[in-house]
Amino acid sequence: MEGIFITMEGPDGSGKTTQIDLLKKYLESRGYDIVIAREPGGTAIGEVIREVILNPAHKEMSHMTELLLYASARAQLVSQVIGPALLEGKAVICDRFVESSAVYQGIGRGLGVDTVYEVNNFALGDVKPKLTIFMDLDAEEGIKRKKKQANLDRMEMEDMTFHKRVVEGYRKLATLYPERIVPIDATLSIEEIHNRIVEEVEKRFFMG
Ligand code: TMP
């Protein structure tokens, strides 16, 4: 069996985790061994980098440092977890991947999407997802959902205009790469969203 690589994207609070759990069960029912990874993190080294990036005390972090730290954590995740799992024919679901850097650092921080893809292409080689689900939710709604949870991290503490740029960025990428990035209305019910995701997975991996 060939490996399957799917990434899940969207603003904070858009319900990615819930959908990843459901997608995992679905792919298991299809006979796959599943690997779930989250970004930044997913490896011992990546979790340390995550701590450095998201620590609210690190206010002085430059945007370029931030971009490179995300890319470093991702490079480690690809070489240690994602690459080997795909070679073994597993299904990998990644909670955030390159598109998070494209929108948060490229658009939100203003470093430019092209710069972000260039850095990441260098860091990751040819390991690329075949399907990217974008949980489309207005920034206000996402942050409202998040604020009900405990402490906000350094990214979540950014102002609303930043988070709006992020969501607009995702919408733009979805129009630029429609063959890979599929936007799904995150205000639909959990079940409706799951069904839409399954439809896309079937189409890309199990038909024809
Ligand atoms: P999360 O684990 O709650 O999704 O938190 C990760 C935060 O990091 C989230 O606010 C999005 C942000 N992020 C980036 O800014 N760039 C990236 O490349 C990734 C993976 C995440």
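What the table below lists for this structure:
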| read-out | value |
| --- | --- |
| Within straight-line cross-link reach of Lys90, aspartates and glutamates at Cα separation under 12 Å, skipping those fewer than 8 residues along the same chain | Glu2, Glu28, Asp33 |
| Two-site FRET efficiency, Lys128 against Glu47, from Cβ-Cβ distance with R₀ of 22 Å, rounded to 0.05 | 0.40 |
| Listed pairs Lys16/Lys128; Lys25/Lys146; Lys24/Lys164 exceeding 22 Å between Cα atoms | Lys25/Lys146; Lys24/Lys164 |
| With all protein chains modelled, accessible area of Glu88 [1.4 Å, Å²] | 120 |
| Cα gyration tensor, the stretch 108-149 - rounded (a/c under 1.5), prolate or oblate | prolate |
| Residue-averaged 222 nm ellipticity for the chain, from DSSP H runs of 4+ at -39500 (n - 2.57), nearest 500 | -14500 deg cm²/dmol |
| P(r) tail fraction, the stretch 1-112 - alpha-carbon pairs more than 18 Å apart, % | 53 |
| Accessible area of the chain belonging to carbon and sulfur atoms, whole % at 1.4 Å probe | 54 |
| FRET efficiency, 1/(1 + (r/R0)^6) with R0 30 Å, evaluated for Asn55 and Lys203 via beta carbons | 0.15 |
| GNM flexibility winner over the chain from Val78, Val98, Val127 (Cα, springs under 10 Å) | Val127 |
| Axial C-alpha extent at least 15 Å, average Kyte-Doolittle at least 1.0 - helices from the chain (DSSP) | 44-54 |
| Spatial separation of Cα centroids for the stretch 155-198 and the stretch 1-71, in angstrom | 15 |
| Rounded if a/c under 1.5, otherwise prolate or oblate - the stretch 86-160, Cα gyration tensor axes | oblate |
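The values are calculated or read from the model by the stated rules, or taken from the named source; none is laboratory data. Everything numeric in this text was worked out from a predicted model, so none of it was measured. Cβ atoms come from the backbone with ideal geometry, glycine included; neighbour counts cover every protein chain shown. Side chains are part of the model used for accessible areas, which takes the heavy atoms of the whole protein and leaves out ligands, DNA and RNA. Shrake-Rupley method; radii C 1.70, N 1.55, O 1.52, S 1.80 Å.
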